[in-house]
1. So in the stretch 166-192, with the set limited to residues that are of a type in the set (Gly, Ala, Ser) and either free of Cβ contacts under 8 Å to residues at least 40 places away in the same chain or not in a loop (DSSP other than H, G, I, E, B) (or both), which one is surrounded by the fewest Cβ atoms within 10 Å (Cβ to Cβ)?
2. Is there a residue in the stretch 140-153 that is modelled with pLDDT of 95 or more, of a type in the set (S, T, N, Q), within 12 Å of the chain's Cα centre (by Cα) and under 18 Å from Phe111 (Cα atoms)?
3. Just to be sure I understand, how many residues within the stretch 7-57 are of a type in the set (Ser, Thr, Tyr), within 14 Å of Asp68 (Cβ to Cβ) and at pLDDT 95 or above?
4. Is it true that some residue in the stretch 214-224 is farther than 21 Å from Thr104 by Cβ and touching a Lys or Arg at 6+ places or on another chain (Cβ under 6 Å)?
5. Restricting attention to the stretch 342-362, which residues are at pLDDT 95 or above and among the hydroxyl-bearing types (Ser, Thr, Tyr)?
6. Of the conditions (1) free of Cβ contacts under 8 Å to residues at least 60 places away in the same chain; (2) buried (at least 18 other Cβ atoms within 10 Å of the Cβ); (3) not hydrophobic (A, V, I, L, M, F, W, C), Gly44 fails just one. Which one is it?
7. Scanning the stretch 261-273 for residues that are of a type outside the set (Asp, Glu) and touching a Leu at 6+ places or on another chain (Cβ under 7 Å), which turns out farthest from Phe149 (Cα to Cα)?
8. Restricting to the stretch 90-116, and then to whatever is of a type in the set (Gly, Ala, Ser) and either assigned to a strand (DSSP E or B) or in contact with a helix residue (DSSP H, G or I) (Cβ under 7 Å, 6 or more places away or on another chain) (or both), can you tell me which residue is nearest to Ile29 (Cα to Cα)?
Amino acid sequence: MAVTIDLTNPAARPARTVRPDSDGKPTLIGLTRPEMARALAEAGVPEKQLKMRVSQIWHWLYIRGVSDFDDMHTVSRELRDTLKARFTIARPEIVEEQISNDGTRKWLMRFSPRGAGRPVEVETVYIPEEGRGTLCISSQVGCTLTCSFCHTGTQMLVRNLAPDEILAQLLVARDRLGDFPHKDTPQGAIVPAEGRKVTNIVMMGMGEPLYNFENVKKALLIAADGDGLALSKRRITLSTSGVVPEIARTGEEIGVMLAISLHAVRDELRNELVPINRKYPLKELLDACRAYPALSNARRITFEYVMLKGVNDSLADAKELVRLLKGIPAKINLIPFNPWPGSPYECSDWETIERFADFVNANGYASPIRTPRGRDIFAACGQLKSESERMRKADRLALEAAMIAGHGAD
C-alpha cells in the first residue's frame, strides 16, 4: 500500500526548516570554490582566510549536510552571523513525500521564485535496490520535447533549474534517508543494507538535461567532487533524448556515463515518439554516440527503449536495433511502458518483451528488462509531472510592477 506523508504535521517534518528564506538571499549551495571565495570576500572575509573558510563551509555543506549556519561548529560565531545575514543554505520546501508499496520514494519539492515569477515544483524519485540506491533527479520544470509516451512532456517548460536546485534534490534525499553523518534512516525505510543510501544518481527526471547544460554541468561536478559529496562519475548517468551538439561536451566537460532515450529504430517512428529526432535524426545521434569520449566496453552507453504494444516491439524492431548499434559499446534497457492519465499507449505483453530481450541478448548486447518501480505513486519512468505553469506575460509584468512598487515603499 502506498503511503503519503503529511508534512503539515510537525512531527513528520525534518528537524530543520526546509522552506527557503523569503527575502531572496543568495545561496552558497551550487557555487564553485572560486565563486564561493568571491562571495565570502564580498562579505568581508580577509583574503588570507578565504581558502580555509571555503574548505570549512564546503565540508559542512557537502560532507556533514548541514542546512543551518549555526550547525557549522568549526566556524567562528562572528562569521556565522555574517553568513546568516547575507546568505542562505536552507533546503527547498518538501510539499509532499510519497512511499510506494515497493519502497520507492517520491518527493515533490517547491523552489522559490527566480526573478519575477511564481514558486515552482519538481518531482524527485529514490529507487532502492539490493546493494544500491538510485536517485532520479530533475533538470527542468516541465519540458520542451513533447515525447508522446512521456507524462512530463505534457507539461510546458516553465524554466531551467539552477545548480543549487539540482543539488538540493540530492541533499534533501540524503536528509530524508539519513544518509549524512549522525542522521537517522527513517524506521522501515527500504535502503541498501550497507554503505551509502544514495549510491547512484541519474539525470532522468523532469526535463532535458542537455538543454540546461551549464547548470547541470556545475551541479554534477560538485556532486562528483572528492572532498564533498564524492559520487563517482561512473555512478552518475545523464540521459538525453538526443541533443547531438552537446553530447561530446558531456563526455569532455562532465565525464559522466551517458544514456540515450532511443525508443525507435526508424526515423519516421522516432519523429513521432521523440520529436527532437526531426532535428537530430538517428544517423547523427548514433554517430555522436560512437564518438563519445572515453567510450569502451567498460564505459558503455545505455540505450533506453520503452516497450509500446504494437508500436516498436516487433522482432523486426529488435533486429534493426542490433544493426543500428553495431560497433557501439552499449547495453539496452528495456522499459515496460508506465501508463499515465490520457496516455495513447499500452505496455507490450510480457512475452513480447522477453522475446525482444532474448534476441538482443543473443546478438551480444545486454538487454535487462527494467522492473517497473513506484507505479502506484506515479514515480516510474515517464510518469513525473508537477502542476507548475509558466506565468503569462501580463501576469509577469504585473508582478514585476508590484515588486518595484514594494521595493520603493521600503
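The values are calculated or read from the model by the stated rules, or taken from the named source; none is laboratory data. Please read these numbers as outputs of a predicted model, since none were measured by experiment. Every residue, glycine among them, receives a Cβ derived from its backbone with ideal geometry; neighbour counts consider all protein chains shown.
1. Residue satisfying both the conditions and the ranking: Gly188.
2. So far as the stretch 140-153 goes, no, none of its residues is modelled with pLDDT of 95 or more, of a type in the set (S, T, N, Q), within 12 Å of the chain's Cα centre (by Cα) and under 18 Å from Phe111 (Cα atoms).
3. Residues in the stretch 7-57 being of a type in the set (Ser, Thr, Tyr), within 14 Å of Asp68 (Cβ to Cβ) and at pLDDT 95 or above: 1 in total.
4. Yes, that holds for at least one residue.
5. Thr352
6. It is condition (2) that Gly44 fails.
7. Restricting to residues being of a type outside the set (Asp, Glu) and touching a Leu at 6+ places or on another chain (Cβ under 7 Å), the top hit is Val265.
8. Among those that are of a type in the set (Gly, Ala, Ser) and either assigned to a strand (DSSP E or B) or in contact with a helix residue (DSSP H, G or I) (Cβ under 7 Å, 6 or more places away or on another chain) (or both), it is Ala116.
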